[in-house]
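Worksheet: the structure to be examined is printed underneath.
The values are calculated or read from the model by the stated rules, or taken from the named source; none is laboratory data. All figures in this text were calculated on a predicted structure; none of them were measured in a lab. Here the Cβ is made from the backbone with ideal geometry for all residues, glycine too, and neighbour counts use every protein chain on show. Calculation scope for accessible area: heavy atoms of the full protein, side chains included, ligands and nucleic acids excluded. Shrake-Rupley method; radii C 1.70, N 1.55, O 1.52, S 1.80 Å.
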Amino acid sequence: MASTAHAGHVNDPHDSTVGHHYTSTGLDNRKIAIWAFIGSECMLFGTLIATYLIYKGKSLIGPFPHEAWTNPQTGQSFPPILDIPVTSFSTFVLLMSSLAMVLAHDAVVHNSRRSRLWLAMTAILGMVFLACQAYEFTSFVNEGLSLKTNLFGSSFYVLTGFHGAHVTAGVLWLWSMFAIDMKRKLGPADAINVDLLALYLHFVDIVWIVIFTVVYLIS
């Protein structure tokens with residue numbers, strides 16, 4: 001009788017624990033997986049940021065990030081390459097995407113149709129950030145800074161490029177969730193999946209704050 005009652009409890013469609021795969025920690029195994037992934041990504045970005053700092057100021061030729069440079073062979077002058085106003089705007093946009101993601105998750109938890117609005121808004125803000133980064137990269141190349149120009153160019157493009165790739169993955173994930181929401185409406189049962197996406201996006205935003213501070217603000 002006990003085993004029958006237990007089986008009935010497990011298969012009860014109204015049981016809030018159905019569909020959740022909890023571990024001995026009390027957390028869903030998918031949430032543990034995303035935290036493990038974020039931990040590995042911390043090591044990746046920590047290595048890239050450390051590499052940038054190691055090579056910072058050791059480039060023999062310009063353009064340089066914060067200092068003007070004159071080519072001794074051609075006499076051509078290069079202003080500091082970094083465009084702080086543009087990057088400040090893109091940073092603000094990325095931070096606003098985190099706010100929109102919080103509102104999207106809250107809408108899903110409360111079974112609100114506004115989840116579609118906030119998921120789309122988060123994705124659009126991410127795309128605006130990527131557009132700013134594409135503009136910045138294009139401007140830098142036109143001003144003479146490529147991946148092979150100097151140590152700054154190599155470390156800068158690899159660091160910010162990897163971050164941009166992570167933002168791109170987040171945008172694709174967002175549009176996938178938006179498509180699911182449009183097809184069958186995301187509800188409280190989907191909150192864990194939206195929470196995983198939110199954790200990833202918040203991590204990417206925090207990493208950018210560190211990159212923005214280290215690369216753009218500290219000369």
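Counting only residues at least eight positions apart within a chain, or on another chain, the lysines with an alpha carbon under 26 Å from that of Lys58 are Lys148.
Close amide H partners of Phe78, meaning residues 5 or more places away or on another chain with modelled amide H under 5 Å apart, are Trp69, Thr70, Asn71. Farthest towards the positive end of the charge dipole of region 70-219, among the residues Leu145, Val128, Ile180, is the Cα of Ile180, using unit charges on the Cβ of Lys, Arg, Asp and Glu. Taking the average, over residues, of other Cβ atoms within 10 Å as the packing measure, peptides 195-201, 85-91 rank 195-201, 85-91 from highest down.
Per-atom-type breakdown for the chain gives carbon and sulfur 69% of the accessible area (1.4 Å probe, protein chains only). Charge dipole of region 23-151 (Cα centre as origin; +1 on each Lys and Arg Cβ, -1 on each Asp and Glu Cβ, all else neutral): 360 debye, rounded to the nearest 20.
Dipole check for region 82-219: with +1 at the C-beta of Lys and Arg, -1 at the C-beta of Asp and Glu, and the Cα centre as origin, the magnitude is about 480 Debye.
Of all the Cα-Cα pairs you can form in region 68-179, what percent are over 26 Å apart? That fraction is 34 percent. Of all aspartates and glutamates in the structure, those lying under 18 Å Cα to Cα from Lys31, and not within fewer than 8 positions of it along the same chain, are Glu41, Asp106, Asp190, Asp195.
Based on alpha-carbon atoms only, what is the radius of gyration of the chain relative to the globular estimate 2.2 N^0.38 Å? Numbers along the way, then the final one.
Working: Rg = 22.5 Å, N = 219, 2.2 N^0.38 = 17.1 Å.
Taking N as the residue count of the chain, the ratio is 1.32.
What the Cβ-Cβ distance of Glu143 and Ala189 gives, at R0 = 45 Å and to the nearest 0.05, is a FRET efficiency of 0.30.
How tilted is helix 29-55 with respect to the longest principal axis of the chain? Cα atoms for both, answer in degrees (0 to 90, nearest 10). Around 10 degrees separate the two axes.
Multiplying the sequence separation of Leu117 and Asn71 by 0.36 nm and subtracting their Cα-Cα distance, what value in nm do you get?
Taking 0.36 nm per residue and subtracting the Cα distance, the gain is 11.5 nm.
Ordering Trp173, Trp69 by accessible surface, largest first, gives Trp173, Trp69; the 1.4 Å probe counts only protein heavy atoms, with every chain in place.
Accessible surface for Ile32 stands near 60 Å², nearest 10, in the context of the full protein assembly shown (1.4 Å probe). Taking Ala36, Ala107, Ala123 in turn, the Gaussian network model of the chain (Cα-Cα springs below 10 Å) assigns the largest fluctuation to Ala36.
Taking the centroid of alpha carbons for each part, region 47-66 and region 146-215 are 24 Å apart. In the elastic network of the chain, a GNM with C-alpha springs shorter than 10 Å, the most mobile of Gly62, Gly170, Gly75 is Gly75. The angle between the Cα long axis of helix 151-184 and the longest principal axis of the Cα atoms of the chain comes to about 30 degrees, rounded to the nearest 10. The slack between Ser219 and Thr47, meaning 0.36 nm per residue of separation minus the straight C-alpha distance, is 59.9 nm. Comparing Leu95, Leu27, Leu119, which has the greatest mean-square fluctuation in the GNM of the chain with Cα pairs linked when under 10 Å apart? Taking springs between Cα atoms under 10 Å, the residue moving most is Leu27.
In terms of packing, defined here as the mean over residues of other Cβ atoms within 10 angstrom, the peptides 124-132, 211-219 line up highest first as 124-132, 211-219. In this structure region 169-219 gives 44 Å² per residue of accessible area when probed at 1.4 Å with all protein chains present.
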